[in-house]
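The values are calculated or read from the model by the stated rules, or taken from the named source; none is laboratory data. Quantities reported herein were computed from a predicted structural model and do not represent experimental measurements. Cβ coordinates were reconstructed from backbone atoms using ideal geometry, including for glycine residues, and neighbour counts include every protein chain displayed. Side chains are part of the model used for accessible areas, which takes the heavy atoms of the whole protein and leaves out ligands, DNA and RNA. Shrake-Rupley method; radii C 1.70, N 1.55, O 1.52, S 1.80 Å.
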Amino acid sequence: MEKIAKLIVDGTTYELPIVTGSEGEKAIDISSLREETGLITLDPGFANTGSCQSSITFMDGEKGILRYRGIPVEQLAEHSRFVETVYLLINGDLPTGEELDRFSALLNDHSLVHEDMRAFFENYPRGTHPMGILSSMVNALRAFYPEIPERTEEEEINKTVARLLSKVRTLAAMSYRISRGHKVVYPRHDLLYCANFLNMMFDSPVKPYVFDDDVVKALNVFWILHADHEQNSSTAAVRLVGSSRVNLYAAISAGIAALWGPLHGGANQAVVEMLQEIYNCGGDLSPFLTKAKDKNDPFRLMGFGHRVYKTYDPRARIMKRMCDKVLKKLKRKDPLLDIAKKLEEIALKDPYFIEHHLYPNVDFYSGIVLRSIGIPLNMFPVMFAIGRLPGWISQWKESHEDPNWKLHRPRQVYTGRKERDYVPIEKRG
Ligand code: ACO
């Protein structure tokens, strides 16, 4: 029997159906609430609001579980590579060998970027944040790759998806090279996705890029761990903007803009800046912990806390191990890693962090992995964006194909002035 919730308003009882997900999580379906009662719900920040039903990613914030299409992220990080995980997210199942080869070849075919787009990069003021550039360049892709009326909608979507997955990576590397005044390195057909990106970033005629399997693996893992995270802020932005039926480039561009913020994808950059500041101040952690706990101080311990995880973020655990592995392989030490580990150790024993359920999130250690493989600090959020792209695309596709799709349009409780008359300017003041 379908379970119901009962709501009593002014003595009248209303029955609301309870929806149960495949992992047993429950939600009260309030889609008829306003029609039946004249009421809406109020949930600032949407912490208690499910905006959709989705079969892509499952996370349990209390138990620290994250699965893509049912497969634990730990297994994917161990055994998969990024492009295979992308296929899984977008198509729902792991590919056969033949499907994966076809998919890789498709991404390869679309990896070049229209040469005229270089003019944009060359004319951005030096010092522009790469996330601002990426967001506008992705929006600009529509102008360079317009819709072809002869194609079916499915053909058009498949082309757009392949272009985005492949070209965003090329655009990111191009933007870095041009910002440094270096020659653009084109994608190579003989390299796989992650190695190709590293080559486009770092190859030089005077110092050819030397591949290291562990570095390539680290990048695969970094991107796999960022590939989707259900209805986070940037994904919600993609779904919301996409719900107006704007083109996919524009919806993804909105996702990049949302990700840029320091409370979301910008946190990986903010963590390293914070660790660097601690290092520059001599490594004393206590003033930073005191500030983080002070209600009157806006400072927060970056890389700590999460809207959904109230335990250790499973991605942070993998990322922490990855820091040790990559640094060991590259025979390097990073003093920021020592500071991060010490900070974690102290914070996890501190009553404030325990009571607030604040644990390291994915960003706490990810910046150290990125630093070790040579990615510049201001490109950290861009690296997150490339990783999250398959998640945004699969969530957009799911919403686009949903027979119950609706324009996203929340309501509000108005708290402004009551009706009053317009006063001509000469009678004001
Ligand atoms: N340092 C210190 N205190 C914190 C932190 C932190 N990092 N995070 C949350 N708190 C405290 C808040 O001050 C608040 O305390 P109070 O209840 O005593 O007033 C309480 O914990 C709840 O905080 P909210 O902001 O309401 O929690 P929310 O779920 O909205 O926040 C967020 C989640 C934004 C991620 C927050 O933990 C934060 O700002 N963390 C630092 C930034 C960060 O690492 N962002 C990356 C998130 S992961 C990602 O997007 C990939």
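So the values come out like this:
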{"quantity": "Debye, to nearest 20: dipole size of the stretch 106-180, +1 on Lys, Arg Cβ, -1 on Asp, Glu Cβ", "calculated": "580"}
{"quantity": "Full-extension gain in nm, H114 to E2, via 0.36 nm per residue minus C-alpha separation", "calculated": "34.9 nm"}
{"quantity": "Lys, Arg +1 and Asp, Glu -1 on Cβ, resulting dipole of the stretch 332-429 about Cα centre, debye, nearest 20", "calculated": "420"}
{"quantity": "Helical contribution to [θ] at 222 nm, DSSP H n ≥ 4, -39,500 (n - 2.57), averaged over the chain, rounded to 500", "calculated": "-16000 deg cm²/dmol"}
{"quantity": "Sites K331 and K427 - FRET efficiency at Förster radius 56 Å, r taken between beta-carbons, to 0.05", "calculated": "0.10"}
{"quantity": "Dipole of the stretch 1-93, positive end: most advanced residue of Y14, S31, Y68 [Cβ charges, Cα centre]", "calculated": "Y68"}
{"quantity": "Qualifying trypsin sites (Lys or Arg not before Pro) in the stretch 354-411, DSSP loop, other Cβ atoms within 10 Å at most 14", "calculated": "K406, R411"}
{"quantity": "For the chain, size of Cβ-based charge dipole, Lys and Arg +1, Asp and Glu -1, in debye", "calculated": "1380"}
{"quantity": "Carbon and sulfur %, accessible surface of the stretch 214-333 computed with the full protein complex present, 1.4 Å", "calculated": "55"}
{"quantity": "Average Cα contact separation per residue, the chain, under 8 Å, 6 or more apart, as relative contact order %", "calculated": "19"}
{"quantity": "14 Å Cα-Cα reach of K333 towards aspartates and glutamates, excluding residues that sit fewer than 8 places from it in its own chain", "calculated": "D324"}
{"quantity": "Difference of contour (0.36 nm per residue) and Cα-Cα distance, A143 to E35", "calculated": "34.7 nm"}
{"quantity": "Most positive-pole-ward Cα, Q395, G367, P95, against dipole of the chain from beta carbon charges", "calculated": "G367"}
{"quantity": "Candidates per trypsin sites (Lys or Arg not before Pro) in the stretch 21-115, loop by DSSP, up to 15 other Cβ within 10 Å", "calculated": "K63"}
{"quantity": "Computed over the stretch 269-339: relative contact order in percent, which uses C-alpha pairs under 8 Å that are six or more apart", "calculated": "39"}
{"quantity": "With at most 12 other Cβ atoms within 10 Å, longest stretch of the chain clear of loop GluC sites (Glu not before Pro) (DSSP)", "calculated": "151-418"}
{"quantity": "Listed residue (L289, V326, A258) projecting farthest to the positive dipole end of the chain, Cβ model", "calculated": "L289"}
{"quantity": "The stretch 1-92: proportion of alpha-carbon pairs further apart than 17 angstrom, %", "calculated": "63"}
{"quantity": "C-alpha center-to-center spacing [the stretch 201-226, the stretch 336-401] in angstrom", "calculated": "19"}
{"quantity": "Solvent-accessible area per residue for the stretch 72-112 (1.4 angstrom probe, square angstrom)", "calculated": "51"}
{"quantity": "Förster radius 60 Å - calculated FRET efficiency between Y279 and D10 (Cβ-Cβ, nearest 0.05)", "calculated": "0.50"}
{"quantity": "C-alpha center-to-center spacing [the stretch 10-72, the stretch 115-189] in angstrom", "calculated": "37"}
{"quantity": "Prolate/oblate/rounded label for the stretch 196-254 (Cα gyration tensor, a/c 1.5)", "calculated": "oblate"}
{"quantity": "Accessible area per residue, Å², the stretch 249-317 with all protein chains present, probe 1.4 Å", "calculated": "45"}
{"quantity": "Sparsely packed chymotrypsin sites (Phe, Trp or Tyr not before Pro) within the stretch 386-429, loop by DSSP, other Cβ within 10 Å at most 10", "calculated": "Y414, Y422"}
{"quantity": "Apportionment of accessible area to carbon and sulfur, the stretch 90-172, percent (1.4 Å)", "calculated": "51"}
